[in-house]
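The structure appears below as structure tokens.
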Amino acid sequence: MKKSSTHVFLSHGLESGPGSIKIQALKNLVGTFDNVRAYAIDHRSSKDPATRLAQMQDAIAATCAAPENIILAGSSMGGWADTCRLSTAGMMTLSPPCRLLSSPGSKRFRR
């Protein structure tokens, strides 16, 4: 029986992009493992948390990956968006924005 691939979805921070040093370093590291695929999601089109979460969900849906084969890794706002999707095999956040007050869709941030 063929083992299912593991899918690692990488989310960059608010003022960053999918080509950032952190995201590319993680993507390169993931690439060293057999049967593991990495996806660097491009969230630069929006600073809205709900939109970024929807972008992540769309990227996941496009792969048809089962929740038990999904690992999320994100930096800053990307890490926060990852925490909103709970059905995964694992999650890693780097410097999450701990002062974010509200749930996805809110435009309110603590200053």
Thr51 fails exactly one of (1) at pLDDT 85 or above; (2) under 15 Å from Val8 (Cα atoms); (3) β-branched (Val, Ile, Thr), namely (2)
Within the range 32-56, residues out of contact with any His (no Cβ under 9 Å at 6 or more places or on another chain), surrounded by 14 or more Cβ atoms within 10 Å (Cβ to Cβ) and free of Cβ contacts under 8 Å to residues at least 40 places away in the same chain come out as Ala54
Within the range 10-31, the residues that are surrounded by 15 or more Cβ atoms within 10 Å (Cβ to Cβ) and either touching a helix residue (DSSP H, G or I) at 6+ places or on another chain (Cβ under 9 Å) or more than 21 Å from Thr83 (Cα to Cα) (or both) are Leu10, Ser11, His12, Gly13, Leu14, Ser16, Pro18, Ile23
Note on Glu68: of the conditions (1) surrounded by 14 or more Cβ atoms within 10 Å (Cβ to Cβ); (2) farther than 21 Å from Lys22 by Cα; (3) in contact (Cβ under 8 Å) with a residue 12 or more places away in the chain, unmet is (1)
The condition from (1) aliphatic (A, V, I, L, M); (2) touching a Lys or Arg at 6+ places or on another chain (Cβ under 9 Å); (3) buried (at least 22 other Cβ atoms within 10 Å of the Cβ) that Ala73 misses is numbered (2)
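The values are calculated or read from the model by the stated rules, or taken from the named source; none is laboratory data. Since we're looking at a predicted model, the values are computed, not measured. Using ideal geometry, Cβ is built from the backbone for each residue, glycine included, and neighbour counts are taken over all protein chains shown.
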